[in-house]
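Here's the structure we're looking at; comments come further down.
Derivation of every value follows stated rules applied to the coordinates shown; laboratory data play no part. Keep in mind the model is a prediction, meaning the values are calculated, not measured. For neighbour counting, all protein chains shown are included, and Cβ atoms are generated from backbone atoms with ideal geometry for every residue, glycine included.
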């Protein structure tokens, strides 16, 4: 038995069951993205999607049979997860892992599920919730231009069916930057989408990309992003620090001198400017990705603004040598937060890595190389 699954999901959906309802990305022109390049977008027939749900239901029962045969009475333990994978393969391991974490969340792939007819999407969500009563949340990716074209009734129907959250790549609130990276959306569409989604009681998570304006449009990028967040008041904003990948148009722009990649400090400064400029919102800032230098930078506005700004100020106040140590240690997986530098063994280990890199002129190149490996 098998089901069709796409290549990615948000890190926050690690415990979710993945059900593919569309294939690839309908836009596929963003200069910074290589995920779906060369692949054609299509909508999966609803019958195929529902068959995949039925397959997962059968796999779930096989996993529970393994549990019962081992004397666990249907409870999904780590032993059951491993045995399911060893006996049947990847799908059983994935479903068993999902059940191990409670079977509570489902993520609908790929890049823009809202391109399905609302009635079809409602049917899929209802079918999932009927098949798996344990499911508490159903989430998906969507593009702002598609969401802006939907009407309020569409989102009310989706929310009533049980669509819990929409993840949306905002990247920037600056129309200059959005046009430069060929995102195919506008700041106005982002705001319209936010108002419709949140108006229907559906949670909205925007992803923004520090560094995406380059050195050339750094301030415009940060201030424009803050302006759109202020207007849209999303439930969550997640930072995804820029990493310029080879074989992307943005990489070619860097090579030709059109785009200058900001250094680590520049991108932290952008995050500070964004947070300083947010007003009248109750958004939660999240930094749950290995690409982010300051992964501890999290909090809910307005109450945690000063806490977050203090983390940034603490980093920026470090001497350059200490910054170099933290940057490499963070990228090498030695540090998770600034306090980790207080561990002498870790600090000295990173210093030894720095000595192998050579002079300061090599540090940014090495950091960029490591970041590319995270995407």
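When only Cα pairs under 8 Å and 6 or more residues apart are kept, what is the percent relative contact order across the stretch 1-140?
Answer for the stretch 1-140 is 33 percent.
If you bin every alpha carbon distance in the stretch 1-140 into 5 Å steps from zero, what whole percent lands in each bin?
The calculated distribution, bin by bin, is 2, 10, 19, 21, 19, 13, 9, 5, 2, 1, 0.
Given all pairs of different Cα atoms, what value in angstroms does the Kirkwood hydrodynamic radius of the stretch 1-56 take?
Hydrodynamic radius (Kirkwood, Cα only) of the stretch 1-56 equals 12.7 Å.
Starting from the Kirkwood Rh over alpha-carbon pairs, what translational D in µm² s⁻¹ does the stretch 182-321 have by Stokes-Einstein at 25 °C and 0.890 mPa s?
155
Rounded to the nearest 10 degrees, what's the angle between the helix 218-232 long axis and the longest principal axis of the chain, both from Cα atoms, 0 to 90?
Its long axis makes an angle of about 40 degrees.
I need the semi-axes of the equivalent ellipsoid of the chain: take the C-alpha gyration tensor, multiply each eigenvalue by 5, square-root it, list largest first in whole angstrom.
Semi-axes, largest first: 36, 27, 20 Å.
For the stretch 50-122, compute Rh as the Kirkwood radius over C-alpha pairs and then the Stokes-Einstein diffusion coefficient at 4 °C and 1.567 mPa s; write the answer in µm²/s, rounded to an integer.
Approximately 97 µm²/s, per Stokes-Einstein.
As I understand it, the value is the acute angle between the Cα axis of helix 305-316 and the longest principal axis of the Cα atoms of the chain; what does it come to in degrees, rounded to 10?
50
When the gyration tensor of the stretch 320-375 is built from Cα positions, what are the square roots of 5 times its three eigenvalues, in whole Å, from largest to smallest?
Its equivalent ellipsoid spans semi-axes of 17, 14, 9 Å.
Ranked highest first by the average count of other Cβ atoms within 10 Å around their residues, in what order do 303-310, 264-271 fall?
Peptide ranking by packing, descending: 264-271, 303-310.
Name the residue, out of 246, 150, 29, whose mean-square fluctuation peaks in a Gaussian network model built on the chain with Cα pairs under 10 Å.
Maximum among the listed residues: 246.
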